[in-house]
1. Run down B:LEU176, B:LEU168 and say which single residue is away from chain A (no Cβ under 13 Å) and either within 21 Å of the chain's Cα centre (by Cα) or touching a residue at least 60 places away in the same chain (Cβ under 8 Å) (or both).
2. So which residues in the range B:234-277 are within 15 Å of B:MET76 (Cβ to Cβ) and among the polar types (S, T, N, Q), if there are any at all?
3. Can you find a residue in the range A:227-245 that is in a helix (DSSP H, G or I), β-branched (Val, Ile, Thr) and without any contact (Cβ under 8 Å) to a residue 60 or more places away in the chain?
4. Looking at the range B:261-288, I want the residues that are on the phi > 0 side of the Ramachandran plot and touching a residue at least 60 places away in the same chain (Cβ under 8 Å) and have a partner that is surrounded by 18 or more Cβ atoms within 10 Å (Cβ to Cβ) and among the β-branched types (Val, Ile, Thr) with Cβ atoms under 6 Å, at least 6 apart or on another chain. Which pairs are those?
5. Name the residue that is surrounded by the fewest Cβ atoms within 10 Å (Cβ to Cβ), counting only residues in the range B:179-194 that are of a type outside the set (Val, Ile, Thr), touching a residue at least 40 places away in the same chain (Cβ under 8 Å) and within 22 Å of B:ALA230 (Cβ to Cβ).
6. Could you list all residues from the range B:66-124 that are under 19 Å from B:ARG242 (Cβ atoms) and hydrophobic (A, V, I, L, M, F, W, C)?
7. Taking the residues in the range A:167-197 that are part of a helix (DSSP H, G or I) and among the β-branched types (Val, Ile, Thr) as candidates, determine which candidate is farthest from the other protein chains (Cβ to nearest Cβ).
8. Counting residues that are basic (Lys, Arg), which helices (runs of 4 or more DSSP H) fully inside the range B:99-200 reach at least 3?
Amino acid sequence: MDSAAPVAVSAMPQGNQGPKANHGSTPREDQIAALVKRRNASNAVAGGIMFAAAASSVAITCGIVAMLTLESLPFFREVNLWDFLTDTMWAPLFAAPRYGILPLIAGTFVTTLVALAIALPIGTIIAVYLSEFAPHTVREVIKPATELLSAVPTIVFGYFALQVVTPALQTFIPDLPTFNMLSAGIVMGIMIIPYVSSLSEDALRAVPMLLREGSYGMGASRMQTAFKVVIPSAISGLAAAYILGISRAIGETMIVAVAAGMQPNLTLDPRQPAETITAYIVQVSLGDVEHGTVAFHSIFAAGATLFVLTLGLNVFGHYLRKRYRKAY
Amino acid sequence: MSVEAQFAQPRPGNTVLTGNTAPLGNTAPHQRPHMTEASKPASPQLPPLKAHAKKLSFFYGTHQALHAIDLPLVDMHVTALIGPSGCGKSTFLRCFNRIHDLYPNTRYDGEIILYPSAANIISRDVDPIEMRMRIGMVFQKPNPFPKSIFENVAYGLRLKGIRNATELKDRVETALKSTAIWEEVKNRLNKSAYDLSGGQQQRLCIARAVAAEPEMLLMDEPCSALDPIASGKIEDLIRELRKKYAVLIVTHNMQQASRASDYTAFMYMGKLVEFGATTDIFTNPKSKETEDYVTGRFG
């Protein structure tokens, strides 16, 4: 790394036959040596700062994992891991508590699925439109407008679900309860659309123009070019966008806490009320559960479960990206 | 070189002008003020034409990239476009299948007549998609689609609505054979086209263009991303393709132009400086600029 400086300096003393050998080194060479030395020093400092920044994110991740593990250990001393994963009832605050995570996972799963059913198709269609079809002027209006959606606080989305979407749905499904996963999932999907569309559009626009020209040059229409050439080329980027959308949906808290109800409910029917993992964590951490009790430690067990779910997804997304990466 | 002797001169006995051709000489010189005297004697009687650019100008926004270019393209022959970078060769070539339409703020002026139908390629009334199906194009860098080798070649056929599996298979095989890549890929037609080498990918792209049975073929520096051996194969291929198509090729490589083309057009600063039989352009250019360029004194 800093080999340049010693070479520049040490070259001269050995050059005894040279006419300027007795001077050691010329002023010009001294200047260059000093310059290189200074530059190497500042490089080392900058490198150190950048390494610290990069290392901090790793350290924080490790810290979170350690915290989740340590805090959920007391929980798993009281509750058998097998029961935790297979019991069909979640009632940590009852007199005879039951700690089966399945109802919370089901709630998370159903709301996420409903959200994805909304966000992935609409987000992809928006991305394809903006990247392949929209004239420049239209794009300049729609893109910021879409991204504005992601600036809406999620609590606002939660009340939008409760006050607008649920009553609207009730006109189609008369016996729909006030709190239900369908409404929460739909609004969560709307919330995720900008993430999916923006990242998908980036992936589509990264496809080289040369490939599009090849397709158009054969006489393909915009639609054929978009669906037969551009989307297959961008598949790894699209997968990354989808995975991020899924992670957002799984981790989303306020909308489901407000609109899906707070009752653990083992069902796959989106019309039912249910509680997600995140909503449970909010419920308990805001309530008057005593620190140190099993019920208190249960939120860390739930958090660890959530972490494992999203980690698994991210690993899967990483695999997809590598598997389908295209060398243009 | 025997190859040059064989191909460089316009083929004799082909000079009878039928009704569906347009001789270069039918436009009076005063209507083509941009053309130097040098380009005029480029054989007033050419063999049947495949296409004819007439007073073709092209604009990127307000910047005029092509200035009233008149250039005949002889059928079943190779016409090479040479000139320094930025002279408008690729811009000119890309007019022929309306690729410029994909970008905003571009404008054509003049005509490109495609024979025998005598349709004006750049007319607003002509559907660019139809023109692109009739005129094949090969690009600077190999650009296979993210599909199997077979599906790449079948792409244009499917666009034309061919669904019959046997017909697709036959025509893909014919195209791959005619581009001399069949032996290399016949056992892995279902593998991704990205598994091929650069030279193979480019021949695959030529096969893709040829499979759709176009009326003429455009090649925009098809060898610029390839090594000499792969380039040599493509040049051999161009000489074969000439038997069926009119080929318009942009090249930076003087040797390639002299080896592979029958006619050569020298462009400079968006203007056509000189057009003629390739041997004339390289051995006896009329214009000083052409001479300087082909002898390597500038550009």
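The values are calculated or read from the model by the stated rules, or taken from the named source; none is laboratory data. Small disclaimer: the values here were computed from a predicted structure and weren't measured. Here the Cβ positions follow ideal geometry from the backbone for every residue, glycine too, while neighbour counts run over all protein chains shown.
1. B:LEU176
2. Matches in the range B:234-277: B:SER261 only.
3. For the range A:227-245, residues in a helix (DSSP H, G or I), β-branched (Val, Ile, Thr) and without any contact (Cβ under 8 Å) to a residue 60 or more places away in the chain: present.
4. Every condition considered, no pair remains.
5. B:LYS191
6. B:LEU71, B:LEU73, B:VAL74, B:MET76, B:VAL78, B:ALA80, B:LEU81, B:ILE82, B:LEU93, B:PHE96, B:LEU114
7. A:THR171
8. Of the helices (runs of 4 or more DSSP H) lying wholly inside the range B:99-200, those with at least 3 residues that are basic (Lys, Arg) span B:165-178.
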